[in-house]
Amino acid sequence: MPYATYTYDETGDTLSISFAPGERATGIELTDHIILRINKVERRAIGITVLDYSLVAQATEIGPRSFPLTGLSELSAEMRELVIDILRHEPVSEIVALSAYTPSMSEQIPIIWLHPLTISA
C-alpha cells in the first residue's frame, strides 16, 4: 500500500486521510468526529475522515484528547471485530491509537485518539 494522502479543509475543519484514493469504501462512524472508511471484502482501511479536526487533535493538560468509540455499539459482532482489527494495524495505527477505559472489572469502553500530526493548511 502506498503512502497516505492528507487533505485538510480549513473552512470545514475536516481532515481527510486516504490510503487508497478514489477507491469505493464503506464508512463506519467510530465517534461523532471520526469516520473510518474500509473495504469490507478485502478487510482493509481505505481512509479516515476527522470532523472538527482542531478539537479532536487538541491536547489536554494531561495528554491527548480521547473519545469513546460509540459507533461500535451499532455494529454486528463480526463487523465490530473487523473494525477493531483494522484500527490495531498499519496504516490506521499510525494515525490513531486504540485503548480502553475500564470503570470496573466487568466494564470496558473502547476509546480512540489521534497521534500528533503536522498538517499544513
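The values are calculated or read from the model by the stated rules, or taken from the named source; none is laboratory data. From a predicted model like this one, the values you see are computed outputs, not experimental measurements. Cβ: placed from backbone, ideal geometry, glycine included. Neighbour counts: every protein chain shown.
Specify which of the listed residues (ILE46, ILE84) is modelled with pLDDT of 95 or more, out of contact with any Gly (no Cβ under 6 Å at 6 or more places or on another chain) and not in a helix (DSSP H, G or I). Before you say what the answer is, go through the steps one by one.
Working: ILE84 fails: not in a helix (DSSP H, G or I).
When all the criteria are applied, what remains is ILE46.
Pairs are defined by a Cβ separation below 6 Å, a sequence spacing of at least 6 or placement on different chains, a first member in region 59-81 that is closer than 16 Å to ARG37 by Cα, and a second member that is among the aliphatic types (A, V, I, L, M); the pairs so defined are LEU69/LEU30; LEU69/ILE112; GLY71/LEU30; ARG80/LEU72.
Considering only residues in region 56-105 that are more than 14 Å from the chain's Cα centre (by Cα), under 19 Å from THR26 (Cβ atoms) and not hydroxyl-bearing (Ser, Thr, Tyr), the one that is surrounded by the most Cβ atoms within 10 Å (Cβ to Cβ) turns out to be LEU75.
Restricting to region 20-43, name every residue that is in contact (Cβ under 8 Å) with a residue 60 or more places away in the chain and either in contact with a Gly (Cβ under 6 Å, 6 or more places away or on another chain) or among the aliphatic types (A, V, I, L, M) (or both). Within region 20-43, LEU30, ILE34 qualify.
Can you give me the number of residues within region 95-116 that are touching a residue at least 60 places away in the same chain (Cβ under 8 Å) and either in contact with a helix residue (DSSP H, G or I) (Cβ under 9 Å, 6 or more places away or on another chain) or not hydrophobic (A, V, I, L, M, F, W, C) (or both)?
Keep residues of region 95-116 that are touching a residue at least 60 places away in the same chain (Cβ under 8 Å), which gives 95-96, 112, 114.
Next cut, either in contact with a helix residue (DSSP H, G or I) (Cβ under 9 Å, 6 or more places away or on another chain) or not hydrophobic (A, V, I, L, M, F, W, C) (or both) only: 96, 112, 114.
Counting residues in region 95-116 that are touching a residue at least 60 places away in the same chain (Cβ under 8 Å) and either in contact with a helix residue (DSSP H, G or I) (Cβ under 9 Å, 6 or more places away or on another chain) or not hydrophobic (A, V, I, L, M, F, W, C) (or both) gives 3.
Could you please find all residues in region 60-80 being part of a helix (DSSP H, G or I), out of contact with any Asp or Glu (no Cβ under 9 Å at 6 or more places or on another chain) and either of a type in the set (S, T, N, Q) or over 22 Å from SER18 (Cα atoms) (or both)? SER73, ALA77, GLU78, listed by residue number.
Applying the criterion of being farther than 16 Å from ALA59 by Cα and loosely packed, with under 12 Cβ neighbours inside 10 Å to the residues of region 109-121, the residue that is modelled with the lowest pLDDT is ALA121.
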